[in-house]
Structures are given as C-alpha cells and as structure tokens.
Amino acid sequence: VEGNTTQPVANKTEAVVSNSLAGLTVTYLPNRDRDFSQFAQLAAGVEPAPNYSGVVIAGQRPNASTAAIDGADFHDPLQGGQRGTHDTSFFFPQTVVREFQIVRAGATAEVGDTNAGFINVVTKEGSNKLRGEAFYIGRPPALSSADTFGNSLNNMQNEFGGSIGGAIKKDKAFYYLGFEQDYLNVPYWTQFAPQAPGTVTPSSLTALQQQVVGQSDPTAVFRVTD
C-alpha cells in the first residue's frame, strides 16, 4: 500500500545511478514544510539549494533538473526545475506520494530535458478497499524560541490534510484524492541600532520598531483516477 518498505538492490548492470525513497519514509518521517522533495536529501550526492529553490543533484544547478509524476511532466517551464520550488512553499501534497526515485546520472532516453538529475514520483492509487489517512501539525508561538536579539516571535503554524482512495467500480475503476493546507506565520522584527547621543529620531520611524507578521497559506490538492 505504501510502496517499497526496503531499498531496492543496487543496479550494477545499467548506467543509471539512482536512489529510491521508500513509501514508509515519505509517509511517516517528520517534515515541517510537507515538501516531499526534501527527502531527496537522504540520497547520495543530493543537497538543498542555498536559496531553498529545490535540490542540488550531483553539484548541478537545481533549475536544470526535472521531475515527473506518474510519468507526467512536472517541470517548471518558466524557471526550470521542479514546479513550485521557487515559491518556497509546498506545491504538491506529500500525503499522496507513494515513493520516488532520484536519478543522479544516466537518465534514460524517455526522460529528456535534464542534465542535472531527475526526480521520478509515483503516487498512491485507489483499490476495491476504501482507505486513507489524515494528519495535523501544530506549532504554538509559546514553544518558539526568541530571535537572535531576544525578541519573541509569533511563529505559529497549523497544517492539516489527508487523503482517501477507493473504487468507482469494483475491479474496474478507482480514485485517489489528497489535500493539504498550511497556515504559517512568517514574523520578523524591525529594530534600529542605537543612535549617537543627541540624535533625534522622528516618532514616525520609532513607531516602525515592532514585529511584522506575514502569512504563507498555501493549499495543495491532487486527484487521480485509474
């Protein structure tokens, strides 16, 4: 149901160099941002991009890599790389990912359009038996640490979602649906350095010394029928 639970045997006969992330890893390992591609960092030769815009595979640029979901292209045609990685928030619900593969070198001819790695995703699918999952992640501000200057932060996050799959017609047609919603505060403090004696700071500027809280509330939905 969850995909492979053990790593496949290393392929020593073909030129493809890759790692597969097992289904139970994707489903149950903690992941604050619910971005399944972060688990690619568990593979050899893969690191997060310095600007958080995807992953660096074998030292290549993240926007030169590509991705596919159930064989369908998931490449960003404007900025390159995997869709959504430049938005710094999840774009595809982790709850529907069964397993995925990171090809570091030797991608086969049917892949194309990449010279910096390939992420191949397989999603969960429906069956005759109704099944699904649900989750909730909560982080209250009281449990968040202060920033470097000792200012408390309203660093709250609430994230929830789930998935469900079953039969449209027994033994004939099936569906699987996944949904995730994130409500995240992105706080920061505006604070001026101490001024020289005698310097008068206008009240309009001192009023700006406060916490500013932005919001990041992405929604991800996926549906597939077989």
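All of the numbers you see were taken from the coordinates with simple rules; none came from a lab. Here the structure is a predicted model, which means the values were calculated and not measured. Every residue, glycine as well, gets a Cβ built from its backbone with ideal geometry; the counts of neighbours run over all protein chains shown.
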Counting only residues 5 or more apart in sequence or on a different chain, those whose built amide H sits under 5 Å from that of residue 99 are 122
dims of the range 165-209, Cα set, principal axes, largest to smallest, nearest Å -> 82, 16, 8
Distance in nm between residue 152 and residue 181 label points, each 7 Å along Cα→Cβ, equals 2.8
Which whole-angstrom value gives the distance between the alpha carbon centres of the range 118-166 and the range 28-51?
14
Under a point spin-label approximation (7 Å from Cα along Cα-to-Cβ), what is the residue 225-residue 169 distance to one decimal in nm?
1.1
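Please give the contour-minus-distance gain from residue 9 to residue 32: 0.36 nm per residue of separation, less the Cα-Cα distance, rounded to one decimal in nm.
Gain on extension, residue 9 to residue 32, equals 5.3 nm.
By how many nm would the segment from residue 61 to residue 192 grow when fully extended, if each residue of separation counts as 0.36 nm and the alpha-carbon distance is taken off? Working shown, then result.
Numbers: separation 131, 0.36 × 131 = 47.16 nm, distance 3.72 nm.
Once the chain is fully extended between residue 61 and residue 192, it gains 43.4 nm.
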